1. Does at least one position in the stretch 158-165 carry a residue that is of a type outside the set (A, V, I, L, M, F, W, C), assigned to a helix (DSSP H, G or I) and surrounded by 15 or more Cβ atoms within 10 Å (Cβ to Cβ)?
2. Quick one: would you say ASP187 is within 22 Å of GLU222 (Cβ to Cβ) and either out of contact with any Gly (no Cβ under 9 Å at 6 or more places or on another chain) or crowded, with 18+ Cβ neighbours inside 10 Å (or both)?
3. Of the numbered conditions (1) surrounded by fewer than 15 Cβ atoms within 10 Å (Cβ to Cβ); (2) touching a strand residue (DSSP E or B) at 6+ places or on another chain (Cβ under 9 Å), ALA19 satisfies every one except a single condition; which is it?
4. Does ILE50 satisfy the criteria of being hydrophobic (A, V, I, L, M, F, W, C), in contact with a helix residue (DSSP H, G or I) (Cβ under 7 Å, 6 or more places away or on another chain), under 21 Å from ILE124 (Cβ atoms) and not assigned by TED's automatic domain parsing to the domain that holds PRO155?
5. Read through the list (1) more than 15 Å from SER86 (Cα to Cα); (2) surrounded by fewer than 16 Cβ atoms within 10 Å (Cβ to Cβ), then give the number of the only condition that GLY62 fails.
6. Being in contact (Cβ under 8 Å) with a residue 24 or more places away in the chain and surrounded by fewer than 18 Cβ atoms within 10 Å (Cβ to Cβ) narrows it down to one of LEU5, LEU83, LEU76, LEU27, so name that one.
7. Name the single residue that is nearest to PHE54 (Cα to Cα) among those in the stretch 106-153 being in a helix (DSSP H, G or I) and charged (D, E, K, R).
8. Looking at (1) under 30 Å from LEU184 (Cβ atoms); (2) in a helix (DSSP H, G or I); (3) at pLDDT below 95, which is the only condition GLY57 fails?
Amino acid sequence: MYNHLLFDADGTLFDFKAAERHALEALFHELDIAGTDRMRTLYSEVNHAIWLEFEQGKISLGSLKTERFRRFFDALHLGHDPLQTSIRYLDFLSRSDHLLPGAIEVLTTLKQRGYRLSLITNGISRVQRGRLAATKTLSFFDHLVISEEIGSQKPDPAFFSALFSITNMDRYAQRHALVIGDSLTSDIKGGLDAQLDTCWYNPDKIPVDPQMKPTYEISRLEELLDLLPDEPVTS
């Protein structure tokens, strides 16, 4: 089985929807914008689309930070500065302490069982490191692999090459590693392309793409505790 668990961050451990909602509310208040449900939905749609572009290598992370607000403001015919808005939004987002149900309990139990845990994320460095501090989860992880810090993103093979180097995983060790994430297009595809076993966290029970079938599928994080043995395999 496994001894090294590779956790995605947003949507897997961190409650990104809650974090985004709170960061937007703080931002709207600071900009004196009367935020509406339509605005929140529009921003989420713009943000989701641009992160997919980032996964596909169509836009850099640096450009993503401001471009999402340029598109958002253009759609609403607002004249705010996308660069300054991005800086403040990332400040608010980095303070988020929102975790998904079961995250702390699962991390605690797996760490106590002796599993090696690494965080693998396409997120922005200061945001992810800020949230690890805010949620008091940094100590669970042996390694942090953050796309902005290594210059590549999931599912790009370069991300996984960097992951293997940072975590000192040779081909034998890779056989005992498991990618755990909520995104079929980044976590699962990247893991499959790197010939790693994968576990799709699918709380909404979306039908799986037959071309991208994970090794396992769970709808609650706590299911990992039943899936994984009480002791990790020895290398």
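The values are calculated or read from the model by the stated rules, or taken from the named source; none is laboratory data. What you see is a predicted model; the values in this text were computed from it and never measured. When we count neighbours, we look across all protein chains shown, and the Cβ atoms used for this are built from the backbone with ideal geometry, even at glycine.
1. No - not one qualifying residue is present in the stretch 158-165.
2. Criteria met by ASP187.
3. (1)
4. Working: hydrophobic (A, V, I, L, M, F, W, C): yes; in contact with a helix residue (DSSP H, G or I) (Cβ under 7 Å, 6 or more places away or on another chain): yes; under 21 Å from ILE124 (Cβ atoms): yes; not assigned by TED's automatic domain parsing to the domain that holds PRO155: yes.
Yes; evaluated as a whole, the condition is true for this residue.
5. (1)
6. Values: LEU5 fails: surrounded by fewer than 18 Cβ atoms within 10 Å (Cβ to Cβ); LEU83 fails: in contact (Cβ under 8 Å) with a residue 24 or more places away in the chain; LEU27 fails: surrounded by fewer than 18 Cβ atoms within 10 Å (Cβ to Cβ).
LEU76 is the lone residue from the list that is in contact (Cβ under 8 Å) with a residue 24 or more places away in the chain and surrounded by fewer than 18 Cβ atoms within 10 Å (Cβ to Cβ).
7. So the residue we want is GLU148.
8. With respect to (1) under 30 Å from LEU184 (Cβ atoms); (2) in a helix (DSSP H, G or I); (3) at pLDDT below 95, GLY57 is out only on (2).
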